[in-house]
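Heads up: the structure comes next, in structure tokens.
The values are calculated or read from the model by the stated rules, or taken from the named source; none is laboratory data. In this text the structure is predicted, and so the values were computed from the model without any measurement. Note: ideal-geometry Cβ built from the backbone for every residue, glycine included; neighbour counts use all protein chains shown. Side chains included, ligands, DNA and RNA excluded: accessible areas come from the protein's heavy atoms. Shrake-Rupley method; radii C 1.70, N 1.55, O 1.52, S 1.80 Å.
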Amino acid sequence: EGLIYVGTDDGLIQVTENGGASWRKIEKFPDVPDMSYVSRIAASHHDANTVYASFDNHKNGDFAPYLLKSTDAGKTWASVKGNLPARGSVLAIAEDPVNPDLIFAGTEFGLFFTIDCGQKWIQLKGGLPTIAVRDLVIQKRESDLVVGTFGRGIYILDDITPLRATKPETLAQDAMLFSVKDAMMYIESQPLGGRGKGFQGESFYTAENPPFGATFTYYLKESTRTKRQMRREAERAAERRSTPLPYPTMEQLKAEAEEEAPTIILTVTDASGRVIRRLTGPASAGMHRVDWDLRHPASSLPSQGFGGRGGGGGGGGGRGRGPSGPLVMPGKFKVSIARRANGVTTSLSPPQEFKVFVEGTSSMSEADRAALVEFQQKAARLQGAVSGALQTATELGTRIDMIKRAIMETPSAGNRLDEDARSIEKRLDEILIALRGDPTLRTYGENPPPSISSRVGRIAGDQRMSTSRPTKTQLDLYRIASDEFGRELAKLKALIEGDLTKLEKSLEAAGAPWTPGRIPEWKDN
């Protein structure tokens, strides 16, 4: 439209409506002290005559926020500072290119946003420190908010779409699950020794990428409180009122100790309604995000500490991220949200649909994709079974060690029990060698024959991020590992359910000290 605004350091704004042929000066602004710096001017994306201006008067000891809006190309102005903190000069402004009521303001003490064009402002935290926000830019293609701070670097808020959809009535609801951005499936690069810096050291700078997969954003009006939290709140309220409060009964204290912590459950289903994944998230008030790595559940449980953003248990995969399942097939999915508290699960908000897509699908037929998913799921089940059998066999080795010690401490136990224990130990060692390989050969640098675990591990490593049909080598590895594992698993079951059970009964009859896994027998004489 030919409108150009220029702010000066003496509190003036120059405006031209003809591309610079002539200018008019604006010298007076409501409630803004004279000679305040014009810290930022932002023309509207939606209306040629709408413009925002912020002023900074901190050099005169005045840290008040000054944020104005004009709807007539600068002829008249009105304050839109709303409830911005009384101390915190406004240094940057950004209007959302999609929702004209969504405005961001960078201040001396943090970042704020409004969903009603300045009537009420809310501080954005989410890991952003309390620091001067000097610049704001919205990346239109990805809908990301880029924040430039003074002395603390650059921060990016991924996908502000949920803020665009937030209305005053949204914040009045008990809970809200926002729309989900379509998720692109791709192979994450692992350069130079792994993710991120790899082995390049701290002198090599690199920033984190957005989380891989789909991101779920939800809002909770209030925190879900436990019985203990509610009791303590009542005690504090009674103390403020100087009124007595009965001491909790033992039954109440026991109920508090046994209560399960409240949690949010996000359930992902495919187009047929089949449950693909369940993730957990925080149950505290405010907005939260949980990431899903586009994978089925892992074949074994992750160690404590793995999870998605916000404690979401979003999965893992790859170096240092714990076990992971196979990737899902591209297609349509739904996510629903529920709260689990006091043993009751309650739905909170309507489900949201989204797509998982992958580029280059034209080069892979539907049959190839179906074969890939089928093989990945079979391999994941085999890996889980092998992992479980290996853990069981390892624990059994510890039990047998304790049994041998118990036999030595039992005078009435004869040599037969010791021979039986050592026979079980020898057969268990043979099963363990088949499952995980020969440790003696590895100790002396010899190459042991391929074990069941090594075959399955190779399949899992090749298939973890694969988007192509399984190869003949992978199919052969699976067939060999599956056949061998079936035989060894049968031996392990026979060992535990037959010979070990019989030996433990003999130990109990002989009065041997208790050993792990053995249920004591008792009869009052």
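Residue-by-condition table, conditions (1) in a loop (DSSP other than H, G, I, E, B); (2) β-branched (V, I, T); (3) touching a residue at least 24 places away in the same chain (Cβ under 8 Å); (4) in contact with a Pro (Cβ under 8 Å, 6 or more places away or on another chain):
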{"residue": "Y52", "(1), (2), (3), (4)": "no, no, yes, no"}
{"residue": "A73", "(1), (2), (3), (4)": "yes, no, yes, no"}
{"residue": "T76", "(1), (2), (3), (4)": "yes, yes, no, no"}
{"residue": "G82", "(1), (2), (3), (4)": "yes, no, yes, no"}
{"residue": "R87", "(1), (2), (3), (4)": "yes, no, yes, no"}
{"residue": "A94", "(1), (2), (3), (4)": "no, no, yes, no"}
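A237 versus (1) outside any loop (DSSP other than H, G, I, E, B); (2) more than 25 Å from D158 (Cβ to Cβ); (3) out of contact with any helix residue (DSSP H, G or I) (no Cβ under 7 Å at 6 or more places or on another chain); (4) open to solvent by 30 Å² or more (accessible area, probe 1.4 Å): which is the lone unmet condition?
Single failed check for A237: (4).
Considering only region 177-193, state which residues are open to solvent by less than 70 Å² (accessible area, probe 1.4 Å) and charged (D, E, K, R).
Of everything in region 177-193, just one residue is open to solvent by less than 70 Å² (accessible area, probe 1.4 Å) and charged (D, E, K, R), namely E188.
Look through region 506-525, keep the residues that are among the small types (G, A, S) and not in a loop (DSSP other than H, G, I, E, B), and return whichever of them is nearest to D401 (Cα to Cα).
Taking region 506-525 and keeping what is among the small types (G, A, S), we get 506, 509-512, 517.
If we keep only those that are not in a loop (DSSP other than H, G, I, E, B) too, we end up with 506, 509.
On the way: S506: 16, A509: 19 Å.
Looking at residues that are among the small types (G, A, S) and not in a loop (DSSP other than H, G, I, E, B), I get S506.
If only one of R399, R416, R479, R405 is open to solvent by 40 Å² or more (accessible area, probe 1.4 Å) and either under 30 Å from A367 (Cα atoms) or assigned to a loop (DSSP other than H, G, I, E, B) (or both), which one is it?
On the way: R399 fails: either under 30 Å from A367 (Cα atoms) or assigned to a loop (DSSP other than H, G, I, E, B) (or both); R416 fails: either under 30 Å from A367 (Cα atoms) or assigned to a loop (DSSP other than H, G, I, E, B) (or both); R405 fails: either under 30 Å from A367 (Cα atoms) or assigned to a loop (DSSP other than H, G, I, E, B) (or both).
Criteria check complete, one pass: R479.
Within region 279-299, which residues are closer than 19 Å to N342 by Cβ, open to solvent by 20 Å² or more (accessible area, probe 1.4 Å) and not in a loop (DSSP other than H, G, I, E, B)?
T280
Which condition from (1) among the acidic types (D, E); (2) open to solvent by 60 Å² or more (accessible area, probe 1.4 Å); (3) under 31 Å from the mean Cα position of the chain (by Cα) is the one that D429 breaks?
Condition not satisfied by D429: (3).
Being of a type in the set (S, T, Y), within 21 Å of D368 (Cα to Cα), free of Cβ contacts under 8 Å to residues at least 40 places away in the same chain and open to solvent by 30 Å² or more (accessible area, probe 1.4 Å) narrows it down to one residue among T471, T440; which is it? I'd like the intermediate steps shown before the answer.
Numbers: T440 fails: within 21 Å of D368 (Cα to Cα).
The match here is T471.
Specify which of the listed residues (V32, V6, V15) is of a type in the set (V, I, T), under 23 Å from D135 (Cβ atoms) and not in a strand (DSSP E or B).
The conditions single out V32.
Pull up region 309-347, narrow it to residues that are within 27 Å of S284 (Cβ to Cβ) and of a type in the set (S, T, Y), then point me to the one that is modelled with the highest pLDDT.
S336
Per-residue answers, yes or no, for (1) without any contact (Cβ under 8 Å) to a residue 60 or more places away in the chain; (2) farther than 27 Å from S223 by Cβ; (3) out of contact with any Pro (no Cβ under 6 Å at 6 or more places or on another chain):
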| position | (1), (2), (3) |
| --- | --- |
| L157 | yes, no, yes |
| P162 | no, no, yes |
| A165 | yes, no, yes |
| L171 | yes, no, yes |
| A183 | no, yes, yes |
| Y186 | no, yes, yes |
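Go through (1) at pLDDT 90 or above; (2) under 21 Å from the mean Cα position of the chain (by Cα) and name the single condition R195 misses.
Only one criterion is unmet by R195, namely (1).
Report the residue count in region 136-176 for those that are open to solvent by less than 70 Å² (accessible area, probe 1.4 Å), touching a strand residue (DSSP E or B) at 6+ places or on another chain (Cβ under 7 Å) and not aliphatic (A, V, I, L, M).
The total comes to 8.
Spot the failing condition for I480; the list is (1) farther than 30 Å from V356 by Cβ; (2) at pLDDT below 95; (3) not acidic (D, E), and only one is missed.
(2)
Could you grab the pairs with beta carbons closer than 6 Å, sequence gap of 6+ or different chains, first residue in region 209-224 and in contact (Cβ under 8 Å) with a residue 60 or more places away in the chain and in a strand (DSSP E or B), second one acidic (D, E) and open to solvent by less than 30 Å² (accessible area, probe 1.4 Å)?
If the second residue must be acidic (D, E) and open to solvent by less than 30 Å² (accessible area, probe 1.4 Å), the pairs left are T215/D291.
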